[in-house]
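The numbers here are math on the coordinates, done by the rules we state, and not lab data. None of these values were measured; they are calculated from a predicted model. In this analysis, Cβ positions are derived from the backbone assuming ideal geometry, glycine residues included, and neighbour counts consider all displayed protein chains.
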Amino acid sequence: MPTPPQPVDHELIEAAARIARTRCRGDHHTMASAARARDGRVITGVNAYHFTGGPCAELVVIGAAAAQGAYELDTIVAVGDRDRGVVSPCGRCRQVLFDYFPALNVIVGSGDRLRTVSITDLLPETYVWADHQLDAEPTAPLSAG
Ligand SMILES: [Zn+2]
């Protein structure tokens, strides 16, 4: 079952949109992301595009958050430059976000379809890396999906 609807953190969207408007330049930085840490702080970042697989903005935010001592993120959103609005995370980011923060909420959609969903709703029946390590304890399913 998908998680019930949750409020949309518009302040977080605006933080990402502001970074996208003011800090994204040319081909290297085209996406901004903002995350709400458990303690309420907002951490922002932009992607570092490179043909070898430079990190998306969401992954930069994970590192920036850790650099500020914020290891628990509650909600994340990405916004594209050139007024593209909220952009859903790519497949790689969904997997990383799920592995780092299994209870994370993600803002997706646009206009009156903006909504907050669980990362588990964006990645149903996914591979759980931690469950396949030699010393892993079996974990309960995160979603009754
Ligand atoms: Zn990505």
For this session: Specify which residue in the list L114, Y49, I62 is farthest towards the positive end of the charge dipole of the stretch 10-132, using unit charges on the beta carbon of Lys, Arg (+1) and Asp, Glu (-1), about the Cα centre.
Result: Y49
For this session: For the stretch 9-22, just list the computed ³J(HN,Hα) in residue order, Karplus coefficients 6.51, -1.76 and 1.60, θ = phi - 60°, integers in Hz, with x standing in for Gly and Pro.
Result: 7, 5, 4, 5, 4, 5, 4, 5, 5, 5, 5, 4, 5, 9
For this session: Quick one: order R21, R82 by neighbouring beta-carbon count within 10 Å, fewest to most.
Result: R82, R21
Seminar exercise, completed: Length-normalised contact order of the stretch 10-132, Cα under 8 Å, at least 6 apart, in percent, tallies to 21
For this session: With a/c under 1.5 counting as rounded, go ahead and sort the stretch 10-132 into rounded, prolate or oblate using the C-alpha gyration tensor (a ≥ b ≥ c being the square roots of the eigenvalues; past the cut-off, prolate if a/b is larger than b/c, else oblate).
Result: rounded
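Quick check for me: using +1 on Lys/Arg Cβ and -1 on Asp/Glu Cβ, what's the dipole size of the chain about its Cα centre, in debye to the nearest 20?
Values: 13 positive and 17 negative charges, 132 e Å.
Here the size comes out at about 640 debye.
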For this session: Name the residues whose placed amide hydrogens come within less than 5 Å of the amide hydrogen of T75, ignoring near sequence neighbours (fewer than 5 apart) on the same chain.
Result: R36, N105
Exercise. Going by alpha carbons, how many degrees (0 to 90, nearest 10) lie between the helix axis of 57-67 and the longest principal axis of the chain?
Worked result: 80
